[in-house]
Amino acid sequence: MLKYMEELSQSEAAAIKKTIQELFKQTCILQVKYDPATLIRRDNPRYETCVRHRAFIEQYLSVLGCELTHDPQEHIFRLTGEGVATERLNLTTTLLILILKLIYRDKIMGEGL
């Protein structure tokens, strides 16, 4: 695995490291992200890194007891397996969070619907 990383440019190796770190922080990487301030849709560079270096990332994660799963319909890479600590929110909690986010945008930031 180290040989693969050494053959890459420093920027590409750094992108792989950041992508793996992001997978452990949020357990998934979406193809498209929205800027929280402007709500402008942008391609996610971490998703492109997963596409380019999928085999390496899968091997790296397998050592840790995790799996990288790709859902082509949803355009998402997901971290699964025994080594992944995940919490699931129920539907009510999810809806409350979304409503609070809308209220925050409307009242605090002055961005009405």
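The values are calculated or read from the model by the stated rules, or taken from the named source; none is laboratory data. These figures come from a predicted structure and were not determined experimentally. Note that we place each Cβ from the backbone using ideal geometry, even for glycine, and neighbour counts take in every protein chain shown. Each accessible area value is taken on the protein alone, full model and side chains, heavy atoms only, with ligands, DNA and RNA left out. Shrake-Rupley method; radii C 1.70, N 1.55, O 1.52, S 1.80 Å.
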Test item: Cα-centred dipole of the stretch 1-52, Lys/Arg +1 and Asp/Glu -1 on Cβ, debye: 160 debye
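Can you tell me the dipole magnitude for the chain around its Cα centre, using point charges on the Cβ only (Lys, Arg +1; Asp, Glu -1), in Debye to the nearest 20? Don't skip to the end; give the middle numbers.
Numbers: 15 positive and 15 negative charges, 64 e Å.
Dipole size: approximately 300 debye.
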With a sphere of radius 10 Å drawn around the Cβ of Thr69, what net charge do the other residues whose Cβ falls strictly inside it have (Lys, Arg +1; Asp, Glu -1)? -2
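Which is the longest run of the chain containing none of the GluC sites (Glu not before Pro) found in DSSP loop states (not H, G, I, E, B) with at most 13 other C-beta atoms within 10 Å?
Numbers: sites that count: Glu74, Glu82, Glu87, Glu111.
My reading of the result: 1-73 is the longest stretch.
Can you give the FRET efficiency for Thr69 and Asp106, using 1/(1 + (r/R0)^6), R0 = 30 Å, r = Cβ-Cβ distance, to the nearest 0.05? List each step's numbers first, then the result.
Values: r = 36 Å, r/R0 = 1.21.
For Thr69 and Asp106, the calculated efficiency is 0.25.
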In square angstrom, what is the accessible area per residue of the chain with a 1.4 angstrom probe? 76 Å²
Of all DSSP beta bridges located in the chain, what percent are antiparallel, nearest 5? 100 percent
How large, in percent, is the carbon and sulfur part of the accessible surface of the chain at a probe radius of 1.4 Å? 56 percent
If contacts are Cα pairs under 8 angstrom and at least 6 residues apart, what is the relative contact order of the chain in percent? 21 percent
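Projected area of the chain, taken from the Cα convex hull and averaged over every viewing direction, in nm²? Can you show the working numbers first?
Numbers: hull surface 35.5 nm².
Taking a quarter of the hull surface, the average projection is 8.9 nm².
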